[in-house]
Amino acid sequence: MTINYAVTAAVWLTLLIVWLIVDLPDVHVLWLTLASIGVAIVVPLLFWPLSKTMWAAVDYLVYRTDPEYASREAADRASGNGGRA
């Protein structure tokens, strides 16, 4: 969720900056608001699978590099709990 939120915020901020550069001095607030709502709905939905994969990779790297994980028995790690008790 954190990665997804950060990407959505970055895309929206980029939209806002480009919109203001192109549309100043007469900013069309209604169209900017509609575009912002569209970004807030579409980007998280499209980016969700990738953000979930990235977070799983971070989780894997954090827990698998823990020295305590290597010292556990293979049967404990195979229980499906990711090596955590």
Can you pull out the helices (runs of 4 or more DSSP H) entirely within the stretch 23-85 that have at least 2 residues that are at pLDDT 85 or above?
29-64
Which members of the stretch 7-19 meet the condition of being surrounded by 12 or more Cβ atoms within 10 Å (Cβ to Cβ) and out of contact with any Leu (no Cβ under 7 Å at 6 or more places or on another chain)?
VAL7, THR8, ALA9, VAL11, TRP12, LEU15, LEU16
Looking at the stretch 24-35, can you tell me whether even one residue there is of a type in the set (Val, Ile, Thr), on the phi < 0 side of the Ramachandran plot and within 14 Å of the chain's Cα centre (by Cα)?
no
Taking the stated definitions as given, is LEU24 surrounded by fewer than 11 Cβ atoms within 10 Å (Cβ to Cβ) and either out of contact with any Asp or Glu (no Cβ under 7 Å at 6 or more places or on another chain) or touching a residue at least 12 places away in the same chain (Cβ under 8 Å) (or both)?
yes
Of all the residues that make up the stretch 27-51, how many are in contact (Cβ under 8 Å) with a residue 24 or more places away in the chain and of a type outside the set (Gly, Ala, Ser)?
5
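The values are calculated or read from the model by the stated rules, or taken from the named source; none is laboratory data. This is a predicted model, so every value here is computed, not measured. Positions of Cβ are backbone-derived with ideal geometry, glycine not excepted, and every protein chain shown enters the neighbour counts.
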